[in-house]
Amino acid sequence: MKKSTNSTRKLVLASGVFDLVHYGHVYFLEEAKKAGGKDAHLLVVVARDKTVEKLKGKPPILQEEQRRAIVASLKPVDEAILGREEFNMNEELRQIAPDIVVVGYDQLQIEKQVLSVAKSEDLNIKVVRIGKFVASELDSSSKIRSKILGQ
């Protein structure tokens, strides 16, 4: 979805791997939707399997289309798409043209990249960092994976 130039509806962009979806993911997406205000449209870009393997050094447990479908089914999400095969933040931001990009509490590098691209491309994009929800024993996909494997 590309935002309408005559609409007050905010387009909010969130992204991630979303492997083994847990409450932290749901919280992040709920807060992302709120960041856009009333009637916001939340578009979520789900990382491709190749991108995940490149960034994390191992493939995700669930395949990209399954992860995308799970994210699309979550209540706060209006639309979920797969990222580009060859990730290029400049192109993503130019094509999607979001009003707001939300990043997780631990995504300082992504926040810096978005702000840099927005400035260099003269894009009017607000970046909102979502805080961490109250920690629990299983507050990340890697912790869930370790518990299942008994590690």
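Per-structure values
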| quantity | calculated |
| --- | --- |
| Odd one out for T8 among (1) among the β-branched types (V, I, T); (2) more than 16 Å from I130 (Cα to Cα); (3) surrounded by 15 or more Cβ atoms within 10 Å (Cβ to Cβ) | (3) |
| So I100, is it out of contact with any helix residue (DSSP H, G or I) (no Cβ under 6 Å at 6 or more places or on another chain) and under 25 Å from K132 (Cβ atoms) | no |
| Whichever residue in the range 83-96 is out of contact with any Asp or Glu (no Cβ under 9 Å at 6 or more places or on another chain) and more than 24 Å from R9 (Cβ to Cβ) and, among such residues, is modelled with the highest pLDDT | E85 |
| Residue list for the range 112-128, filter: closer than 17 Å to V44 by Cβ and out of contact with any helix residue (DSSP H, G or I) (no Cβ under 6 Å at 6 or more places or on another chain) | V114 |
| Elements of type helices (runs of 4 or more DSSP H) in the range 1-109, at least 2 residues being hydroxyl-bearing (S, T, Y) | 23-35 |
| Meets criteria (of a type in the set (G, A, S), in contact with a helix residue (DSSP H, G or I) (Cβ under 7 Å, 6 or more places away or on another chain), within 15 Å of V128 (Cα to Cα) and modelled with pLDDT of 90 or more) for A32 | no |
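For every residue, the table says whether it meets (1) out of contact with any Ser or Thr (no Cβ under 9 Å at 6 or more places or on another chain); (2) among the aliphatic types (A, V, I, L, M); (3) modelled with pLDDT of 95 or more.
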| position | (1), (2), (3) |
| --- | --- |
| E53 | yes, no, no |
| R67 | yes, no, yes |
| A72 | yes, yes, yes |
| I81 | yes, yes, yes |
| P98 | yes, no, yes |
| D106 | yes, no, no |
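The values are calculated or read from the model by the stated rules, or taken from the named source; none is laboratory data. Model, not experiment: these values are computed from the prediction. Here Cβ is always computed from backbone atoms with ideal geometry, including for glycine, and neighbour counts include all displayed protein chains.
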